[in-house]
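*Asks:* Can you keep this structure in mind? I'll have questions shortly.
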Amino acid sequence: MRCEIVALGTELLLGQIVDTNSAWLAERLATLGVDCYFQARVGDNLTRIQEALRQALARSDVVITCGGLGPTQDDITRQAIADVMGVPLQRDPALFTRIEAIFHQRGRPFADNNALQADVPVGAQAMPTIVGTAPGLICPVGDKLIYALPGVPWEMKEMFETDVLPDLLRQRARYGDAAATIVNHTLYCLGLGESVIAARLTPRLQALEASGNPTIAFLASEVAGVRVRITAKAADAEEARRMLEDEAREVRALLGDAVFSEGDDDPAHHLPEAVVLRLLEERGQTLAVAESLTGGGIGARLTSIAGASRVFRGGIIAYASAVKFDLLDVPPGPVVSEETAAHMARNVCRVLHADVGLAATGVAGLDSQEGLSPGTVCVAVAWKGEVTTRTLNLAGRPREQIRILTATWLFDMLRRKIMNVPAASH
């Protein structure tokens with residue numbers, strides 16, 4: 001069985017609302033082993049919704065729509081589905097009574113346009129569960145199906161679990177699908193670029209090319225490095241996990257110490273800042289930061305992690321040179337240097353009574369500073385009485401990206417110090 005998701009609403013196309021519904025449905029379908037090859041977003045236009053539905057039905061067995069089931073003029077999903085089915089809308093008296101009763105129970109006035117939510121394409125049926133006031137619809141189109149769900153996320157999720165899921169499993173049996181599940185495992189990497197990681201994994205990619213299961217995909221970001229996602233499909237979750245464990249072992253061997261975390265739970269748990277905080281807490285050590293070009297960004301990332309206060313003492317935003325001289329005992333002179341970064345890291349530990357210090361100074365703006373071009377960044381880690389420094393060349397990147405990459409690089413430097421693994425190149 002193949003399933004396609006169609007999210008409806010002009011606000012999605014304008015970026016006013018992020019389409020979290022499609023992501024949630026795709027993940028939920030994957031756990032059921034239902035293939036989802038396409039997703040679409042369509043504005044509130046009857047012709048374009050009809051076109052999207054027909055296209056989805058042409059290449060998939062099941063279509064799930066989200067949105068457009070309310071009582072306003074732009075809620076036209078019901079009409080579009082009826083047109084695709086080739087049938088009129090018909091008011092369901094029992095459904096009308098149920099919707100009216102919901103309004104009365106909640107002490108809300110029942111406007112005339114709310115009656116539109118009781119209109120159902122002939123041959124379709126309303127879902128038994130009504131969470132808000134918009135009923136979902138189960139609509140047969142030949143030998144295929146459209147499940148129409150409301151766009152409000154909590155309503156959509158409840159109705160999917162209660163009404164769509166049981167029916168979907170029955171329909172899958174009709175298609176002759178064996179029970180299956182799709183499971184992911186993600187390895188988080190720092191210190192290697194996406195192209196280098198892809199090159200190192202070429203033997204595995206070639207080995208998996210014939211079977212197509214498991215699969216390996218890459219996603220790069222300035223904050224979290226490169227994520228390597230392994231996906232396996234099997235008859236049950238246990239078998240899929242065995243496949244993942246075998247493949248993860250192969251991938252781990254090829255990537256070595258670039259892998260700093262792994263797992264498929266909350267991605268925030270695997271951010272570099274979260275990882276170094278856990279490592280320091282395990283060792284009973286505290287952390288302080290001295291920042292210049294990042295302007296508090298390093299501290300902000302650390303304090304975004306729940307429980308950071310158990311490790312993070314605080315920071316000094318030494319943006320002006322005088323602050324570096326006065327608070328962090330940096331010798332007068334040029335401030336974009338490894339020597340300055342070392343003084344900042346060492347002395348922030350002293351000032352804030354921390355065991356470990358991080359520091360960053362550099363040029364993130366449009367203009368050169370002290371004869372150094374934008375993107376020149378000096379960083380330091382003070383660890384067990386020793387200070388390690390690096391000069392990063394982040395030229396050619398936007399200002400904010402330089403700041404983000406600087407923080408990420410520092411977290412990886414600290415992680416490698418703690419784990420006693422070789423420093424990464426840049």
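The values are calculated or read from the model by the stated rules, or taken from the named source; none is laboratory data. Bear in mind that the values here come from a model prediction, so they are computed numbers and not experimental data. With ideal geometry, Cβ positions are generated from the backbone for all residues, glycine too; neighbour counts draw on all protein chains shown. Only protein heavy atoms, including side chains, enter the accessible area calculation; ligands, DNA and RNA are left aside. Shrake-Rupley method; radii C 1.70, N 1.55, O 1.52, S 1.80 Å.
*Asks:* Which of the three applies to the range 6-60, rounded, prolate or oblate, going by the alpha-carbon gyration tensor with a ≥ b ≥ c and a/c under 1.5 meaning rounded?
*Replies:* Oblate.
*Asks:* Stretch Phe110-Ser211 to full length: gain in nm at 0.36 nm per residue minus the Cα-Cα span?
*Replies:* 30.7 nm
*Asks:* Pulled fully out, how much extra length does the chain show between Arg170 and Ala220, if you take 0.36 nm times their separation in residues and subtract their Cα-Cα distance?
*Replies:* Value of the extension gain: 14.1 nm.
*Asks:* To continue, here is another question. How big is the gap, in Å, between the Cα center of the range 108-175 and the Cα center of the range 354-385?
*Replies:* Between the Cα centres of the range 108-175 and the range 354-385 lies a distance of 56 Å.
*Asks:* Same structure again: Which whole-number value in Å² is the accessible area per residue of the range 1-147, probe 1.4 Å?
*Replies:* With all protein chains present, the range 1-147 gives 45 Å² per residue.
*Asks:* For the range 323-426, what does the alpha-carbon gyration tensor say about shape, rounded, prolate or oblate, given a ≥ b ≥ c as the root eigenvalues, a/c under 1.5 as rounded, and a/b over b/c as prolate?
*Replies:* Cα axes put the range 323-426 in the oblate bin.
*Asks:* Ordered by packing density, taken as the mean number of other Cβ atoms within 10 Å over each peptide's residues, highest first, how do 14-21, 366-373, 269-276 rank? Don't jump to the answer; show the numbers that get you there.
*Replies:* Numbers: 14-21: 13.5, 366-373: 11.1, 269-276: 22.0.
Packing proxy ranking, top to bottom: 269-276, 14-21, 366-373.
*Asks:* For a quick size check, give me the Cα extents of the range 175-242 along its three principal axes, largest first, whole Å.
*Replies:* Principal extents (largest minus smallest coordinate, Cα): 45, 26, 22 Å.
*Asks:* Identify all aspartates and glutamates with a Cα-Cα distance to Lys324 below 15 Å; exclude those on the same chain that are fewer than 8 residues away in sequence.
*Replies:* The reachable aspartates and glutamates, counting only those whose Cα sits under 15 Å from Lys324, are Glu291, Glu338, Glu339.
*Asks:* Hey, can you rank 60-66, 414-420 by average C-beta count inside 10 Å, highest first?
*Replies:* Those peptides, ordered most packed to least, come out 60-66, 414-420.
*Asks:* Further question on the same structure: Can you tell me how the range 81-164 classifies by the Cα gyration tensor, rounded, prolate or oblate, using a/c under 1.5 as the rounded cut?
*Replies:* oblate
*Asks:* Just to be sure I understand: of the beta bridges DSSP finds with both ends in the chain, what percent are antiparallel, rounded to 5?
*Replies:* Just about 65 percent of them are antiparallel.
*Asks:* Cα-based Rg (one decimal) and Dmax (whole number) for the chain, in Å?
*Replies:* 27.6, 83
*Asks:* Further question on the same structure: Taking amide H positions as placed in the peptide plane 1.01 Å from N, state which residues far from Gly362 in sequence (5 or more) or on other chains have amide H under 5 Å from it.
*Replies:* Here Leu293, Cys378 satisfy the definition.
*Asks:* A follow-up question, please. Rounded to the nearest percent, how much of the accessible area of the chain (1.4 Å probe, protein heavy atoms only) is carbon and sulfur?
*Replies:* 52 percent
*Asks:* Between Ile17 and Arg249, 0.36 nm times their residue separation minus their Cα-Cα distance comes to what?
*Replies:* Full extension from Ile17 to Arg249 adds 79.6 nm.
*Asks:* How large is the accessible surface per residue of the range 340-425, computed with a 1.4 Å probe and reported in Å² as a whole number?
*Replies:* Per residue, the range 340-425 has an accessible area of 43 Å².
*Asks:* Something else: So for the pair Asp326, Val421, with labels modelled 7 Å out along Cα→Cβ, what separation do we get in nm?
*Replies:* Calculated label separation equals 4.2 nm.
*Asks:* Using the Cα centre of the range 283-412 as the reference point, and only Cβ charges (+1 on K/R, -1 on D/E), how large is the resulting charge dipole? Debye, rounded to the nearest 20.
*Replies:* 440 debye
*Asks:* Using Cα springs under 10 Å in a Gaussian network model of the chain, which residue among Tyr188, Tyr147, Tyr37 shows the largest mean-square fluctuation?
*Replies:* For the chain, modelled as a Gaussian network with Cα springs under 10 Å, the answer is Tyr37.
*Asks:* Under the rule of at least 5 residues apart or a separate chain, name every residue whose amide H is placed under 5 Å from the amide H of Ser261.
*Replies:* Tyr188
*Asks:* Mind checking which aspartates and glutamates have their C-alpha under 14 Å from Lys157, skipping anything on the same chain fewer than 8 residues away?
*Replies:* Cα-Cα hits under 14 Å: Asp19, Glu27.
*Asks:* For the range 224-304, give the magnitude of the charge dipole about the Cα centre (Cβ charges: +1 Lys/Arg, -1 Asp/Glu; no others), in debye to the nearest 20.
*Replies:* That gives a dipole near 260 debye.
*Asks:* Continuing with the same structure: In deg cm²/dmol and to the nearest 500, what is the mean residue ellipticity at 222 nm of the chain if only DSSP H runs of at least 4 residues count, each as -39500 (n - 2.57), divided by the residue total?
*Replies:* On the way: 15 runs with 165 residues, N = 426.
Counting only the DSSP helices, I get -11500 deg cm²/dmol.
*Asks:* Can I ask one more? What distance in nm separates the two pseudo spin-label positions at Thr31 and Arg397, each 7 Å out from Cα along the beta-carbon direction?
*Replies:* That separation, rounded to one decimal, is 3.5 nm.
*Asks:* On to the next question. Counting heavy atoms of the protein chains only and a 1.4 Å probe, report the per residue accessible area for the range 177-276 as a whole number of Å².
*Replies:* Here the per-residue accessible area is 47 Å².
*Asks:* A further question on this structure: Using alpha carbon centroids, what distance separates the range 224-240 and the range 1-64, in Å?
*Replies:* Comparing the Cα centres of the range 224-240 and the range 1-64, I get a distance of 23 Å.
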